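This report refers to the structure that appears directly beneath it.
Throughout, read-outs are computed from the coordinates displayed, never taken from laboratory work. The structure presented is a predicted model; accordingly, all values stated were derived computationally and were not measured. Cβ coordinates were reconstructed from backbone atoms using ideal geometry, including for glycine residues, and neighbour counts include every protein chain displayed.
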Amino acid sequence: MHSNFDERAFWNMYAYRVVTFLPPLTPNDGLPEEQILRAEQRLGLHLPGVLRHFYRLVGRRDDINQAFNQLLLPDDIFVVDGYLVFFRENQCVVVWGVRTAEMDEEDPAVYESEDEPMRAWSLDHRHLSDFLLSMLYWQAVNGGMSYSAIATVDQETLSVVRRHWQPVELPGTDLGNVRFFCRPGQLLCVCPEDDAFRLQVGAKTEQDLVSVREELHIEWGYSSLDDVE
């Protein structure tokens with residue numbers, strides 16, 4: 001059990017991180033309690049407190065929950081292999097779930113498995129809150145923000161990123177070689193790719209995106225600006 005989980009501190013921090021690169025949270029972003037209760041009655045389970053609060057806080061926010069991977073709404077969550085499945089990867093290859101045996105915990109661990117057929121569940125995040133925070137950044141840089149671009153960069157460019165953008169701390173999370181960096185209106189994701197690095201950029205405005213390209217002296221392999229006719 002996540003005995004040190006501070007609910008108020010976490011959700012205040014979550015809201016602060018949202019507003020650094022996405023529109024701020026509003027009272028209309030959440031789902032009604034009735035939908036959550038209906039799901040609990042259908043499944044015969046009481047959802048973990050963090051998941052219930054997440055639905056109530058941002059269950060309607062497509063930029064956070066549907067931009068790339070998909071949050072399952074309460075009517076769609078289901079149990080298989082002793083896991084409550086609540087999130088699905090964008091190509092339906094992987095799903096994420098919480099052990100039904102740990103549903104009484106406020107902030108249980110999250111496990112992942114192949115979707116069809118489901119098998120070989122493995123630990124993905126030690127706590128649900130960590131998973132939701134990681135997913136916030138992953139969704140934002142993969143279409144959640146208004147503008148996006150992708151480039152292949154070298155070690156020298158990565159050094160510039162490290163000097164001029166703030167590294168994102170995701171406590172309790174192991175993202176392997178994936179790293180996030182941010183400034184107001186800009187979110188950068190870097191991961192190794194062969195002998196170089198894949199740089200994914202999310203931006204609030206067109207100028208935010210352009211300024212990343214100009215500051216790093218790079219050319220986009222893809223840019224959402226190219227999609228504008």
Under the helix-only model (-39500 (n - 2.57) for each DSSP H run of 4 or more, divided by the residues of the chain), the mean residue ellipticity at 222 nm, to 500 deg cm²/dmol, is -9500 deg cm²/dmol
Computed about the Cα centre, the charge dipole of the chain from +1 Lys/Arg and -1 Asp/Glu charges at the Cβ has a magnitude in debye, to the nearest 20, of 560 debye
Amide H proximity to residue 147 below 5 Å, modelled H, separation 5+ or other chain, gives 203
Between the Cα axis of helix 7-21 and the main Cα principal axis of the chain, the angle (0 to 90°, nearest 10) is 30 degrees
For the range 71-76, Karplus-derived ³J(HN,Hα) couplings (6.51, -1.76, 1.60; θ = phi - 60°; whole Hz; x for glycine and proline) come out as 6, 7, 6, x, 5, 10
Per the charge dipole of the chain (beta-carbon charges, Lys/Arg positive, Asp/Glu negative, Cα centre), the residue among 134, 10, 166 reaching farthest to the positive end is 10
Charge dipole of the range 45-85 built from unit charges on the beta carbon (Lys, Arg +1; Asp, Glu -1), centred at mean Cα; most positive-end Cα among 79, 58, 69 is 58
Using alpha carbon centers only, the range 1-75 is separated from the range 93-163 by a whole-angstrom value of 15 Å
Contact order relative to length for the chain, counting C-alpha pairs under 8 Å separated by 6 or more residues, stands in percent at 17 percent
